[in-house]
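The values are calculated or read from the model by the stated rules, or taken from the named source; none is laboratory data. Please read all numbers here as calculations on a predicted model, not as lab measurements. Cβ coordinates were reconstructed from backbone atoms using ideal geometry, including for glycine residues, and neighbour counts include every protein chain displayed. Just so you know, the surface numbers come from the protein's heavy atoms only, side chains and all, with ligands and any DNA or RNA stripped out. Shrake-Rupley method; radii C 1.70, N 1.55, O 1.52, S 1.80 Å.
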Amino acid sequence: MLENRYGEELEHTHIPAASKILGWATKALNDESTGNELTFLAVEAARFGARYWPVPYLRMLRNHLPEDLAPRWMLVSEAASVLKMSSVTLGKLVAEGGIESRTCGSISSAIERISIRTDWVYAQVLSDHPVVGIRNAAQILRLPSGTVKLLRQSGHLPSKHLTNKPRFMAMEDIVELQQGIAALGKGLNESSDPNAITIRAIRDHYKFGHEELARLISSLLDCPEQILGRQGAGFDDLQISNQHKFAYAPGVRSDREQWVSQDHAAKRLGCSTPMVQALLDNGFIARRREMAKGTVCTESLKSFSHCYTPLTVISKELGVYSRTLTSLARKHAIPLIVVPGATKATLVPRKQVSRLMKQYAASLEAHA
């Protein structure tokens, strides 16, 4: 009768307080003239209510609750006590939508109005170790932090253990991933296949970014049969085919010398790596986006060198501060180009370099 009358109403996310539906049972039980003849009905009402409310909401029937009653729902505060975490933290997890929950009752506290499934609470496996952040996890796994984040998002870094800080990871899950990577190619020797290439050669040759590395690790974990052999004990010693979607043999691309890293570009231009980044962002030199983000076109470096010279290069050659040359250029109306960015990169047009150096020599003679 209760199910037929109230079941559909209680299936909604927000359900009324138990007293509004089971108040008749409380009234009957509190009536001294009724005795215990309604005890059976009270027990059945409690069993019915346990499907929709946590036990504290059935406190009016507390004396008639059967000992073997297993409620399907639990208050956030009760669940937090079982999971050894803060009620506020668990409430945030519920708000993010990752946990099935329902709102019931009329308690003033918003968190206490929320109940979650009991079977979910007891199904969680708690970590026995302190929580681990992304940076510490990256040190343990010997991978870039960005790679660890992507592996976590893709599910290859498991989340089997619940931590009291949701954004952190459990040591057990990190160890499981570490063991999974270490098991790749286990029992294999160095491959005699002429098309085999080590992951180290791939990373050195193409300057893999953290995104490419995460995709490569995910691909090998999903299909270990792609590994042909190994030259050592490390992940970089694994050998895969040079026809693999993440691998290119050194002879496959004929334009390898046309692209260099930002570090190499900085050495060629005689400036810092942040200045190279600023030049890339403002279009003075070209990059190749389908490869590593910092890959710079050597042809654009040559064109840039024919048109501009970094002010830092001239200051190093003359042994003077850059600000001195800047002041001198402004005094004699020598045009300078300031490149926007994190670093204040200043360029001198190639045709104005000799003029700036002559003005500096003249200023030294005047002071002498």
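One chain, two ends: Ala123 and Arg135. Fully extended at 0.36 nm per residue, the span grows by 1.4 nm beyond their Cα-Cα distance.
Per-residue accessible area (protein heavy atoms, 1.4 Å probe) orders Asp237, Asp173 as Asp237, Asp173, starting from the largest.
Could you compute the net charge surrounding Gly155? Neighbours are other residues with a C-beta less than 14 Å from the C-beta of Gly155; K and R count +1, D and E count -1.
Here the count lands on +1.
If the segment from Arg142 to Ala333 were pulled out straight at 0.36 nm per residue, it would be longer than the present Cα-Cα gap by 63.5 nm.
Run the numbers for Ala17 and Asp237: contour at 0.36 nm per residue of separation, minus the present Cα-Cα distance, in nm. Write down the numbers at each step before the final one.
On the way: separation 220, 0.36 × 220 = 79.20 nm, distance 6.28 nm.
That pair, Ala17 and Asp237, stretches by 72.9 nm at full extension.
Using θ = phi - 60° in the Karplus curve 6.51 cos²θ - 1.76 cosθ + 1.60, the 3J(HN,Hα) couplings for the stretch 356-365 round to 5, 5, 5, 5, 5, 5, 5, 5, 5, 5 Hz; x is entered for Gly and Pro. Residues whose amide H falls under 5 Å from that of Ala50, counting only those 5 or more places apart or on a different chain, are absent, with hydrogens built in the peptide plane.
Near Pro71: Cβ cut-off under 11 Å, other residues only, Lys/Arg at +1 and Asp/Glu at -1. The net charge is +2. Scanning residues 5 or more positions from Trp259 or on other chains, those with amide H under 5 Å from its amide H are Thr298, with H placed 1.01 Å from N in the peptide plane.
The 3J(HN,Hα) values that the Karplus relation (6.51, -1.76, 1.60; θ = phi - 60°) gives for the stretch 119-128 are, in residue order, 5, 5, 4, 7, 7, 6, 9, 7, 7, 9 Hz. Gly and Pro appear as x.
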